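Chemist: I have a structure here, written as structure tokens, and I will follow up with some questions on it.
The values are calculated or read from the model by the stated rules, or taken from the named source; none is laboratory data. Small disclaimer: the values here were computed from a predicted structure and weren't measured. Cβ coordinates were reconstructed from backbone atoms using ideal geometry, including for glycine residues, and neighbour counts include every protein chain displayed. Accessible surface is based on the protein model in full, side chains and every heavy atom, while ligands, DNA and RNA are left aside. Shrake-Rupley method; radii C 1.70, N 1.55, O 1.52, S 1.80 Å.
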Amino acid sequence: QVQLVESGGGLVQAGGSLRLSCAASGRTFSSDTMGWFRQAPGKEREFVAAITGGTPSTYYADSVKGRFTISRDNAKNTVYLQMNSLKPGDTAIYYCAVNLADWRSARTIYAYDYWGQGTQVTVSS
């Protein structure tokens with residue numbers, strides 16, 4: 001049974017920081033790509049960041065480059081998203097996901113096989 005559980009969301013003022021965590025269980029994902037997506041009210045789910053397995057490479061949406069950092073701790077089977085300089089536009093439910101196939105794009109929703117339940121991030125102005 002594969003399970004992904006996000007945590008660390010909450011309410012923060014514009015310019016503040018949050019660190020999201022995604023703890024995986026049921027199997028190890030050290031060789032797999034882990035991604036973060038977000039969905040704001042009334043909008044489609046969008047790509048935020050991803051990190052590959054092995055020697056890790058990272059990918060970011062243009063809207064978060066320089067502000068967000070994705071990382072992973074394979075010993076804990078956990079992926080993180082450090083979010084700095086938060087803006088009201090970052091308000092969304094943030095989802096963690098796993099991409100099992102390295103030939104699929106890390107930026108597309110349909111490349112991911114498992115999803116967490118999401119954690120709410122609210123940035124006040």
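Chemist: Mind checking the full-extension length gain between Ser57 and Trp103? Use 0.36 nm per residue of separation minus the Cα-Cα distance, one decimal, nm.
Modeler: Extra length available between Ser57 and Trp103 comes to 15.2 nm.
Chemist: Students often forget the sequence filter, so: which aspartates and glutamates lie under 16 Å Cα-Cα from Lys65 once same-chain residues fewer than 8 apart are removed?
Modeler: Result set, ordered by chain and number: Glu46, Asp90.
Chemist: Let me ask something else. How large is the dipole of the stretch 1-61 about the Cα centre if only Lys and Arg carry +1 and Asp and Glu carry -1, each at its Cβ, rounded to the nearest 20 debye?
Modeler: Around 60 debye, computed over the stretch 1-61.
Chemist: Oh, and also: Net charge around Phe68, counting only other residues with Cβ within less than 15 Å of its Cβ (Lys, Arg = +1; Asp, Glu = -1)?
Modeler: +3
Chemist: Round to a whole number: what % of the accessible area of the chain belongs to carbon and sulfur, probe 1.4 Å?
Modeler: Roughly 48 percent, rounded to a whole number.
Chemist: Whole number in Å², please: accessible area per residue of the stretch 66-122, 1.4 Å probe, ligands, DNA and RNA not counted.
Modeler: 49 Å²
Chemist: Rank by packing, highest mean first: peptides 94-100, 41-47, with packing defined as the count of other Cβ atoms within 10 Å averaged across residues.
Modeler: Result, highest mean first: 94-100, 41-47.
Chemist: Along the positive direction of the dipole of the chain (beta-carbon charges: Lys, Arg +1; Asp, Glu -1; about the Cα centre), which of Leu18, Gly54, Ile109 reaches farthest?
Modeler: The listed residue farthest towards the positive side: Leu18.
Chemist: Between Lys43 and Gln120, 0.36 nm times their residue separation minus their Cα-Cα distance comes to what?
Modeler: Gain on extension, Lys43 to Gln120, equals 26.2 nm.
Chemist: What percent does the relative contact order of the chain come to when contacts are Cα pairs within less than 8 Å and at least six residues apart?
Modeler: RCO, the chain: 35 percent.
Chemist: Report P(r) for the chain: all Cα-Cα distances, bin width 10 Å, range 0 to the bin holding the largest distance, values in whole percent.
Modeler: 14, 50, 30, 6, 0
Chemist: Tell me, what is the FRET efficiency for Ser17 and Asp113 to the nearest 0.05, using R0 = 25 angstrom and their Cβ-Cβ distance as r?
Modeler: For Ser17 and Asp113, the calculated efficiency is 0.25.
Chemist: For a protection proxy built on the mean count of beta-carbon atoms within 10 angstrom, sort 52-62, 25-35 highest first, please.
Modeler: So the peptides 52-62, 25-35, ranked by packing, come out 25-35, 52-62.
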